[in-house]
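Novice: Below are the structure tokens for one structure; questions will follow.
The values are calculated or read from the model by the stated rules, or taken from the named source; none is laboratory data. Given the structure is predicted, the values throughout are model-derived calculations rather than measurements. Cβ placement follows ideal geometry from the backbone for every residue including glycine, while neighbour counts extend to all protein chains displayed.
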Amino acid sequence: MRRTKLSWLLWVAVAFVIYGAGLPRERYRDVERSFNAGRWPGLVGAVRAYVTNDGDVRRYFAYAQASRGRPYQSYFIRSADAWRQAFAAHEAYRPDEWPTITPVRPLCPYRDYLVEYPPGFFAVALPPAWLAHDDPDRYVKLFEGFMALLLTGAFVLVVTTLRRVGAGRVPRSALAWAALATFLLGVVATHRYDAAVALALVVALSALAADRPLGAGVALGIAIALKGTPALAFPVVALHALRERRHRELATATLAMLATTALIFLPAVASAGGRLFETLRYHAARPVQIESTWGAALGLVHAFAPAWVTVEKTFGSTNVAGRLGPLANQLSTLATLAGLLAVYIFTWRRLAAVDGDDPPDRDARARIALESAAATFAVFIALGKVCSPQYLVWLLPLGVGLSLDDRRRSPLILLLALSGLTQLVYPVLYGRLESLRPGVCALVLLRNGLLLAWAGMLLGRRAASPPGPGLDARLLN
């Protein structure tokens with residue numbers, strides 16, 4: 001009981017206290033000016049400035065405010081054509097220099113201004129805006145607390161699910177390990193809306209493990225409406241159902257997923273029409289991002305052939321372009337498709353291996369589905385053309401639980417290491433990465449390589465391994 005309380009204390013300290021201690025915008029500017037003038041603002045001020053990192057949250061606030069007809073920061077509210085012109089002109093990222101505008105009427109998302117995210121995003125962004133009373137600093141605090149709550153729910157549900165399917169190695173101190181992994185990953189865990197995606201994914205996979213196809217389909221539909229990429233988990237759901245010979249349940253889950261996604265998209269389709277697809281065109285046009293495997297590889301090429309690789313800040317990120325940019329883009333697509341196909345093939349084979357048991361171990365199949373879903377996102381993140389640090393939040397709750405549910409220490413060590421490297425790359429060394437320094441590019445490649453190795457460990461587990469001695473008792477308890 002004492003260890004459980006300590007785990008909760010550590011989790012609250014990280015997710016709510018430390019990561020909720022960012023500065024209001026005006027005070028942050030004061031600290032920034034002190035740094036630029038060579039003055040030390042004090043340890044507390046420096047730490048609070050470091051954990052502020054609220055640029056994306058303020059973008060969410062602008063989207064939400066514009067849709068409500070309330071004052072919004074005009075930098076973020078533009079049409080797709082206006083954004084393309086800004087990218088072509090290499091416009092600097094200075095949102096604070098743009099005025100706050102009060103519209104005469106609510107603006108229509110996707111029709112009146114481009115939104116980078118699918119329509120489900122507004123279900124996450126709007127509730128804190130209703131409570132913020134047009135105060136952006138209050139919105140930031142409310143949003144970060146909201147994400148911390150969702151991430152808490154995701155971790156708790158993962159532990160509950162793993163224990164229900166016979167994963168007896170998940171310790172009572174699991175939340176303490178979750179706190180450590182979250183601390184190592186950085187403030188992107190609660191300062192982006194990806195915690196909502198993580199929770200929706202966990203709910204879907206938990207429902208799958210509990211043989212609730214309707215719940216799995218609805219939750220997966222919500223996850224897809226939030227981000228889009230959770231659709232990659234559907235083949236794992238389908239393979240699990242097909243191996244179980246549950247065709248009716250698969251049909252139920254599929255219809256529920258499609259209906260849920262359609263219902264969430266319907267208002268945006270009705271109001272914006274074809275303009276909704278500007279979001280898809282926006283992401284399809286994105287070049288290779290600097291934190292991707294391919295961007296880091298081009299960064300190393302830059303050390304030997306500077307004229308072949310250039311850096312551009314577009315699409316809300318730092319990207320690599322130049323002579324090798326199109327080739328890297330094509331390679332990322334091919335590698336991602338090949339990697340995902342390999343995960344699905346391994347999943348089918350592992351599920352088939354359980355058929356050798358008499359009777360087949362359904363809990364083992366459920367664990368395989370959880371492991372394969374985590375591996376799917378790890379491969380997508382490591383091989384895709386865009387690799388933002390917040391993407392790791394999608395698999396953080398599931399990843400911590402699965403890493404603890406192992407006789408070996410290596411999955412947990414790998415997960416903690418790659419989480420720490422992620423924060424080291426962004427934001428600590430990001431300026432050097434933007435300058436394509438070879439050492440930082442090598443760190444990105446190392447991080448992504450560890451992510452692939454971690455996915456390989458999940459896929460390489462024995463299908464129905466019985467609980468064993470596990471980690472050292474002091475580590476578990």
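Novice: State whether one or more residues within segment 121-143 are crowded, with 23+ Cβ neighbours inside 10 Å, closer than 19 Å to PHE183 by Cβ and not basic (Lys, Arg).
Specialist: No, because not a single residue in segment 121-143 is crowded, with 23+ Cβ neighbours inside 10 Å, closer than 19 Å to PHE183 by Cβ and not basic (Lys, Arg).
Novice: Which residues, taken from segment 38-82, are of a type in the set (Gly, Ala, Ser), touching a strand residue (DSSP E or B) at 6+ places or on another chain (Cβ under 7 Å) and buried (at least 18 other Cβ atoms within 10 Å of the Cβ)?
Specialist: ALA62, ALA66, SER67
Novice: Can you report the number of residues in segment 21-31 which are surrounded by fewer than 18 Cβ atoms within 10 Å (Cβ to Cβ) and touching a helix residue (DSSP H, G or I) at 6+ places or on another chain (Cβ under 7 Å)?
Specialist: Matching residues across segment 21-31 total 3.
Novice: ILE290 - would you say it is in contact with a Pro (Cβ under 6 Å, 6 or more places away or on another chain) and either among the charged types (D, E, K, R) or crowded, with 18+ Cβ neighbours inside 10 Å (or both)?
Specialist: Against the criterion (in contact with a Pro (Cβ under 6 Å, 6 or more places away or on another chain) and either among the charged types (D, E, K, R) or crowded, with 18+ Cβ neighbours inside 10 Å (or both)), ILE290 does not qualify.
Novice: Is it fair to say ARG172 is over 14 Å from the mean Cα position of the chain (by Cα), charged (D, E, K, R), assigned to a helix (DSSP H, G or I) and under 19 Å from ASP405 (Cβ atoms)? Give the steps one after another, and end with the answer.
Specialist: On the way: over 14 Å from the mean Cα position of the chain (by Cα): yes; charged (D, E, K, R): yes; assigned to a helix (DSSP H, G or I): no; under 19 Å from ASP405 (Cβ atoms): yes.
The answer is no for ARG172.
Novice: Looking at (1) crowded, with 24+ Cβ neighbours inside 10 Å; (2) within 17 Å of LEU395 (Cα to Cα); (3) not polar (S, T, N, Q), which one does GLY217 not meet, given that it meets all the others?
Specialist: The one condition GLY217 does not meet is (2).
Novice: Continuing with the same structure: Quick check on my filter: what residues within segment 375-404 are among the β-branched types (Val, Ile, Thr), outside any loop (DSSP other than H, G, I, E, B) and farther than 18 Å from LEU446 by Cβ?
Specialist: Matches in segment 375-404: THR376, VAL393, VAL400.
Novice: Within segment 365-387, identify whether any single residue is surrounded by fewer than 19 Cβ atoms within 10 Å (Cβ to Cβ) and either out of contact with any His (no Cβ under 8 Å at 6 or more places or on another chain) or over 19 Å from PHE234 (Cβ atoms) (or both), and answer yes or no.
Specialist: no
Novice: Among LEU300, LEU327, LEU351, LEU337, which is the only one that is without any contact (Cβ under 8 Å) to a residue 24 or more places away in the chain and either within 30 Å of ARG246 (Cα to Cα) or in contact with a Cys (Cβ under 8 Å, 6 or more places away or on another chain) (or both)?
Specialist: On the way: LEU300 fails: without any contact (Cβ under 8 Å) to a residue 24 or more places away in the chain; LEU327 fails: either within 30 Å of ARG246 (Cα to Cα) or in contact with a Cys (Cβ under 8 Å, 6 or more places away or on another chain) (or both); LEU351 fails: without any contact (Cβ under 8 Å) to a residue 24 or more places away in the chain.
Testing whether each residue is without any contact (Cβ under 8 Å) to a residue 24 or more places away in the chain and either within 30 Å of ARG246 (Cα to Cα) or in contact with a Cys (Cβ under 8 Å, 6 or more places away or on another chain) (or both) leaves just LEU337.
Novice: Still on this structure: Considering only segment 405-420, how many residues are in a helix (DSSP H, G or I), touching a Ser or Thr at 6+ places or on another chain (Cβ under 9 Å) and not hydroxyl-bearing (Ser, Thr, Tyr)?
Specialist: 6
Novice: Let me ask something else about it. Any chance you could count how many residues in segment 66-119 are among the aromatic types (Phe, Trp, Tyr), in contact (Cβ under 8 Å) with a residue 60 or more places away in the chain, on the phi < 0 side of the Ramachandran plot and in a loop (DSSP other than H, G, I, E, B)?
Specialist: Qualifying residue count for the region: 2.
Novice: Continuing with this model, one more query. Within segment 252-298, which residues are assigned to a helix (DSSP H, G or I), over 17 Å from GLY221 (Cβ atoms) and hydroxyl-bearing (Ser, Thr, Tyr)?
Specialist: Listed by number, the residues that qualify are SER271, THR279, TYR282, THR293.
Novice: Does LEU258 satisfy the condition of being crowded, with 19+ Cβ neighbours inside 10 Å and modelled with pLDDT of 95 or more?
Specialist: No: the conditions fail for LEU258.
Novice: Do you know which residues across segment 299-338 are within 30 Å of ASP54 (Cβ to Cβ) and assigned to a loop (DSSP other than H, G, I, E, B)?
Specialist: From segment 299-338, those within 30 Å of ASP54 (Cβ to Cβ) are 299, 310-321, 332; that's our starting set.
PHE315, GLY316 - these are the residues of segment 299-338 that are within 30 Å of ASP54 (Cβ to Cβ) and assigned to a loop (DSSP other than H, G, I, E, B).
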